[in-house]
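**Student:** Attaching a single structure in structure tokens format; questions to follow.
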Amino acid sequence: MFHAACCRLHADHAVVASLTATNAGQKLQDATSIFCTHKTGYAIPVSRDMRFLKFGCVIPEVKYTNVVGYIDKVVGKTLRAAVAFFFRAAETLAGILIPKRTTMRRPNTKSHAFRKQRRFSEEQEMKLLDSWIEACQPDSGTNPLAATPPPPDAPAGRTKDGGFSPYAGVRFFRQLPISKKSKDGLAPKYVEMSEIQRATLPHSLCGRDILGAAKTGSGKTLAFIIPVIEKLYRARWVSEDGIGGIIISPTKELAGQLFDELKIVGKHHSLIIGLLIGGCKDVNAEKERVNNLNILICTPGRLLQHMLENPNFDCSQLQILVLDEADRILDAGFREELDAIISYLPRQRQTLLFSATQTKSVKDLARLSLKNPEYISVHDKSVTATPEQLTQFTVIVPLDQKLSMLWSFIKANLKSKILVFLTSCKQVKFVFEAFRKLRPGIPLKCLHGRMKQNARMLTYLQFCEETSVLFSTDVASRGLDFSAVDWVVQADCPEDIATYIHRVGRTARFKNTGKSLLFLMPSEMEMLTRLRAVEPKIPIKLRKAKEPVSISALLASLQVKYPSMQQLAQRAFVTYLRSIYHKKDKEVFDVTNLPIEDFAASLGLSVTPKMRFLKRKLGVNLAPTEATHGEKGPHDAKSIVDNRKLQVNAWSDDVEDKVLIPKESSSFDMGSGKTELGTWVMNKKKLKINLHRPTGTRVKFDDDGNVMPPLAALADTQTVDSSVHLDAVKERYNKLREEMAMRDKEDKLLHYKRLREKRIKEKQKLKRLKEEEGTGDDQSGSDENEERIPKRNKIYFNDDDEDNVVDNEITAEKSACLNKDSATLAAQEALALQLLRSMHS
């Protein structure tokens with residue numbers, strides 16, 4: 001069934017076709033009426049078979065081509081003949097000539113002529129672009145932003161006098177010397193260029209190496225995607241040519257974001273792009289297809305894996321290399337991988353480096369074989385190092401109140417999209433699980449490097465689309481473009497100023513506004529001083545926070561209800577302190593200044609996890625001491641930190657999460673020196689004793705329930721003096737040793753007795769088995785009745801007269817036995833002869 005279709009012809013006229021048809025446009029079965037309506041309301045009815053017309057007005061001039069084309073598109077081809085007949089009849093009645101429809105057929109893209117014409121037009125465009133770039137390229141070392149931009153309506157390309165329009169300093173993408181396909185891909189989303197794009201694209205399109213630095217969210221992605229596409233397009237790159245461009249990203253999420261952006265800009269090109277990141281199990285399929293790709297977007301580890309393991313991987317024809325977040329890729333974390341990758345790449349190539357905090361190290365630039373690179377920093381003269389529309393705050397929060405402060409902040413901003421940065425993966429997992437069970441009233445998500453690739457990408461896409469809270473490590477601090485983030489909260493102090501800039505750069509991107517909040521402990525105030533002293537400055541404001549409502553009791557109850565939460569809390573505790581210990585800047589990060597006890601209690605832990613990774617560095621045995629009961633002086637807090645610096649050991653750190661020590665352990669003075677009690681240490685499910693400390697781990701409580709030193713029971717309670725008597729202690733230890741020795745002796749005798757009984761039972765069992773096997777054997781039965789022949793004695797010959805007397809005696813005895821046996825045999829032979837003689841007689 002098809003119904004009314006309307007197409008506007010002029011400002012005052014319209015043609016409306018109304019009909020009822022069947023058979024889906026194959027044949028016009030029932031056309032009820034077709035009429036032409038004027039703005040005055042007069043109409044010309046048409047009969048069913050269209051043989052006569054009744055009219056009441058003059059039909060105005062209409063554009064037949066538009067009408068027929070519209071009806072053909074909306075209603076179908078079966079109506080075309082009826083409409084044509086109607087207009088010819090109207091032409092006859094009104095005396096006006098309606099132009100005939102001109103047929104516009106779609107070109108056959110599969111024909112040889114069409115492909116030849118398209119290749120010819122592309123070649124002409126490439127020659128024009130090469131001439132344009134060569135004629136108007138900017139001078140090396142200049143900043144295109146200093147040039148006066150042409151007006152928006154100025155012509156681009158070849159001018160009337162045969163020259164070309166300058167493209168240095170232009171503001172719009174359509175004024176750049178790039179292909180029409182790239183302009184068509186950019187047009188729906190991008191029209192005007194940002195500062196970093198205006199400054200770098202004129203140089204990069206000329207084939208020069210670039211070091212680009214700009215604030216976060218300033219549009220650096222397009223500044224290197226467009227040159228990659230254009231360089232391969234002007235080189236007439238096809239799939240048979242192999243890999244022509246490589247874009248390296250430090251994280252998987254950023255690589256996926258670059259891949260999506262490249263698909264948008266290059267959707268009209270015939271280049272083949274591929275994404276190579278870790279986490280994909282089908283590596284063999286990648287190895288088969290990687291050589292058919294033209295542009296690779298990858299992480300360093302995955303790219304190096306293909307270079308080492310895939311014999312068919314060939315990048316000898318590489319034209320352009322891009323390092324996104326170059327300072328992160330060039331640092332120690334990716335140094336070995338990057339050096340190996342560079343060794344596989346040709347030296348004759350174009351290299352582009354982009355980051356918000358760009359490196360100027362001559363050593364790093366020499367590693368990449370850069371040739372006279374153009375260093376372009378569009379925000380060198382900027383007043384602030386962060387986006388101007390970003391509002392930044394910081395609050396001083398003790399370590400044991402961080403989680404409570406974070407919980408209060410989330411509860412106060414339930415309608416905001418919040419990104420929370422933490423130090424380690426295990427911290428992210430613990431905070432996410434704990435807050436998720438406490439239900440703050442807003443969706444929660446987590447993102448860290450230990451997650452699988454599909455889960456990471458799903459979390460990233462979900463956070464971009466909905467208002468929620470995302471707990472993340474620094475894996476999300478660089479390059480990722482989260483849409484409309486309201487708050488960036490740094491619950492842990494950043495390692496350096498560059499990390500701070502990248503973290504807060506996840507909000508206030510491009511022209512949007514945003515806010516950031518930094519939690520600093522009293523021992524980390526040096527970081528605030530550095531942030532304010534950096535040039536360009538970072539306008540961060542110090543605010544006084546209200547006392548948060550403690551959630552330690554809630555976390556403790558969760559660990560009782562969910563045992564797995566306790567393990568997460570222990571691991572979060574250990575990994576955070578380990579990260580603080582490994583930080584190089586000891587003026588800001590000093591683990592000895594942290595309240596270890598209070599921090600463990602704030603996580604809901606009833607006992608403090610043992611730390612065993614400081615002994616090698618400090619070279620001392622830092623043992624926990626028992627907390628004193630009673631009044632505390634002003635120096636108690638520092639003494640607790642000094643006494644409980646951390647339990648250390650030279651063993652592996654892999655199992656330290658499961659090792660616990662009492663929060664209150666004892667210490668006492670014995671004689672002139674201070675002796676501390678020994679503890680039990682777990683190492684890979686094997687119970688071992690720390691030999692560097694004396695034994696004795698018994699904990700006693702007094703009548704009031706307070707912890708007593710282990711030897712306090714030996715003190716004289718009748719007198720006022722409650723000191724420990726050494727003689728009583730020694731006497732008790734000697735008595736315990738004697739009792740232990742007696743018990744050990746008894747245990748050994750009992751053990752030997754059990755072994756003897758076990759052997760006897762085994763022998764009896766074997767004997768019974770042998771008897772059962774030999775029951776039906778007659779020969780074996782007769783053998784049992786016979787007397788067992790004694791074993792033949794050995795004869796020893798001693799030639800030396802000075803041999804031992806004992807040896808001579810033994811030899812004599814054995815010789816006597818031998819003679820006795822021989823006499824018995826002779827008597828038996830004589831008796832046998834007598835019997836034979838008596839029988840014959």
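**Student:** Calculate the dipole size of the range 392-606 relative to its Cα centre from +1 charges on Lys and Arg beta carbons and -1 charges on Asp and Glu beta carbons; express the result in debye to the nearest 20. Let's see the in-between values first.
**Tutor:** Details: 32 positive and 19 negative charges, 133 e Å.
Once rounded to the nearest 20, the dipole reads 640 debye.
**Student:** Using a ≥ b ≥ c from the Cα gyration tensor of the range 542-609 (square roots of the eigenvalues), is it rounded, prolate or oblate, where a/c under 1.5 gives rounded and otherwise the larger of a/b and b/c decides, a/b for prolate? Display every interim value, and only then the final one.
**Tutor:** Details: a/c = 2.67, a/b = 1.34, b/c = 1.99.
Cα axes put the range 542-609 in the oblate bin.
**Student:** I've got another one for you. Quickly rank 456-469, 561-574 as a protection proxy: mean count of other C-beta atoms within 10 Å, highest first. Working shown, then result.
**Tutor:** Numbers: 456-469: 16.7, 561-574: 18.6.
Ranking the peptides 456-469, 561-574 by packing returns 561-574, 456-469.
**Student:** With r as the distance between the Cβ atoms of PHE120 and LEU461 and R0 = 30 Å, compute the FRET efficiency 1/(1 + (r/R0)^6) and round to 0.05. Intermediate values should be presented prior to the final figure.
**Tutor:** Working: r = 43 Å, r/R0 = 1.42.
Here the calculated transfer efficiency is 0.10.
**Student:** Between LEU518 and residues 5 or more places away or on another chain, which pairs have amide H atoms under 5 Å apart, with H built 1.01 Å from N, and which residues are they?
**Tutor:** Answer set, sorted by chain and number: PHE393, THR394, VAL395, GLN490.
**Student:** Continuing with this model, one more query. Taking the dipole about the Cα centre of the range 392-606, with the C-beta of Lys and Arg at +1 and of Asp and Glu at -1, give me whichever of GLY479, GLN566, VAL397 is farthest to the positive side.
**Tutor:** GLY479
**Student:** Roughly how many Å is it from the Cα centre of the range 355-411 to that of the range 147-161, as a whole number?
**Tutor:** Each part reduced to its Cα centre gives a spacing of 37 Å.
**Student:** Also, I was wondering about something else. Please arrange LYS767, LYS445 by counting, for each residue, the other beta carbons lying within 10 Å of its beta carbon, fewest first. Provide the component values of the computation, followed by the final result.
**Tutor:** Values: LYS767 10, LYS445 18.
Lowest to highest Cβ neighbour count: LYS767, LYS445.
**Student:** For a quick check: sort HIS448, HIS502, HIS751 by the number of other beta carbons within 10 angstrom, fewest at the front. List each step's numbers first, then the result.
**Tutor:** Numbers: HIS448 21, HIS502 24, HIS751 10.
The order, fewest Cβ neighbours first, is HIS751, HIS448, HIS502.
**Student:** How are the alpha carbon pair distances in the range 456-598 distributed across 10 Å bins from zero to the largest one, expressed in percent?
**Tutor:** 9, 32, 36, 21, 2, 0
**Student:** Also, quick follow-up: Show me the trypsin sites (Lys or Arg not before Pro) within the range 474-541 that DSSP assigns to loop and that have at most 10 other Cβ atoms within 10 Å of their Cβ.
**Tutor:** Numbers: sites: ARG478, ARG503, ARG506, ARG509, LYS511, LYS515, ARG530, ARG532, LYS537, LYS541; in loops: ARG478, ARG506, ARG509, LYS511.
Passing sites in the range 474-541 are LYS511.
**Student:** By per-residue mean of other Cβ atoms within 10 Å, what is the highest-first order of 264-275, 146-157? Mind showing how you got there, number by number?
**Tutor:** Working: 264-275: 17.6, 146-157: 12.0.
By packing density, highest mean first, the sequence is 264-275, 146-157.
**Student:** Something else now. Would you mind ranking ARG349, ARG450 by Cβ crowding within 10 Å, fewest neighbours first? Before the final figure, lay out each step's value.
**Tutor:** Values: ARG349 20, ARG450 12.
Ranking ARG349, ARG450 by Cβ neighbours within 10 Å, fewest first, gives ARG450, ARG349.
**Student:** Give a quick list of trypsin sites (Lys or Arg not before Pro) in the range 208-244 that DSSP marks as loop, anything other than H, G, I, E or B, with at most 12 other Cβ atoms within 10 Å. Spell out each step's value before the answer.
**Tutor:** Working: sites: ARG208, LYS215, LYS220, LYS231, ARG234, ARG236; in loops: ARG208, LYS215, ARG236.
Sparse-neighbourhood loop trypsin sites (Lys or Arg not before Pro): ARG236.
**Student:** How big, on average over all directions, is the shadow cast by the Cα convex hull of the range 195-328, in nm²?
**Tutor:** Details: hull surface 32.4 nm².
Projected over every direction and averaged, the Cα hull of the range 195-328 covers 8.1 nm².
**Student:** Given MET525, LEU555, THR592, which one lies farthest toward the positive end of the charge dipole of the range 392-606, if we put +1 on the Cβ of every Lys and Arg and -1 on the Cβ of every Asp and Glu?
**Tutor:** Highest projection toward the positive end goes to LEU555.
**Student:** Compute the Cα gyration tensor for the range 385-510, then decide on rounded, prolate or oblate, letting a ≥ b ≥ c be the square roots of its eigenvalues: rounded whenever a/c is under 1.5, prolate when a/b is larger than b/c in the other cases, and oblate in all that remain. Spell out each step's value before the answer.
**Tutor:** Details: a/c = 1.27, a/b = 1.07, b/c = 1.19.
It comes out rounded by the Cα gyration axes.
**Student:** Something else about it: Which residues' amide hydrogens lie under 5 Å from the amide hydrogen of LYS537, considering only partners 5 or more residues apart or on another chain, with H built in the peptide plane?
**Tutor:** ALA385
**Student:** Something else about it: Using the Karplus curve 6.51 cos²θ - 1.76 cosθ + 1.60 with θ = phi - 60°, work out ³J(HN,Hα) for each residue of the range 570-583 in order, rounded to whole Hz, and write x for Gly and Pro.
**Tutor:** Values per residue, Gly and Pro as x: 4, 5, 4, 4, 5, 5, 5, 5, 5, 5, 5, 5, 7, 5 Hz.
Every number here is computed from the coordinates shown, using simple stated rules; none is lab data. Owing to the predicted nature of the structure, the values given are computational and were not obtained by experimental measurement. All Cβ positions, even for glycine, are placed from backbone atoms using ideal geometry, and neighbour counts span all protein chains on display.
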